[in-house]
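Student: The structure under discussion is supplied below as structure tokens; questions concerning it will follow.
The values are calculated or read from the model by the stated rules, or taken from the named source; none is laboratory data. All figures in this text were calculated on a predicted structure; none of them were measured in a lab. In this analysis, Cβ positions are derived from the backbone assuming ideal geometry, glycine residues included, and neighbour counts consider all displayed protein chains. Heads up: the accessible areas ignore ligands, DNA and RNA and are worked out on the full protein's heavy atoms, side chains in. Shrake-Rupley method; radii C 1.70, N 1.55, O 1.52, S 1.80 Å.
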Amino acid sequence: MLLAEHEFKDPATLRRTMISCGLLTRQRDGSDYRRIEQEPPTEAKALISRLSARRKQRSALATAGPEGRTPRR
């Protein structure tokens, strides 16, 4: 999942950064990672909103037909 949602293709660095920012915890041996539930700051909410819109747009483009139209079902 991490690999599909970022551009730099290095999930280990992403996990380390998320741990250092207090967004994840992990077992000492690296066998288990857990998300820390918390209210995101205002700036993060804005970023999340933009990324969600971009993901929806990307998904719509991927399912569009050859002329940019969504195929009928």
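Student: Starting from the stretch 46-66, take each residue that is open to solvent by less than 80 Å² (accessible area, probe 1.4 Å) and list its partners that are β-branched (Val, Ile, Thr), counting only C-beta distances under 8 angstrom and pairs at least six apart or across chains.
Tutor: 60/70; 63/70; 64/70
Student: Just a yes or no: is a residue in the stretch 19-28 closer than 23 Å to residue 58 by Cβ and either at pLDDT 90 or above or open to solvent by 70 Å² or more (accessible area, probe 1.4 Å) (or both)?
Tutor: no
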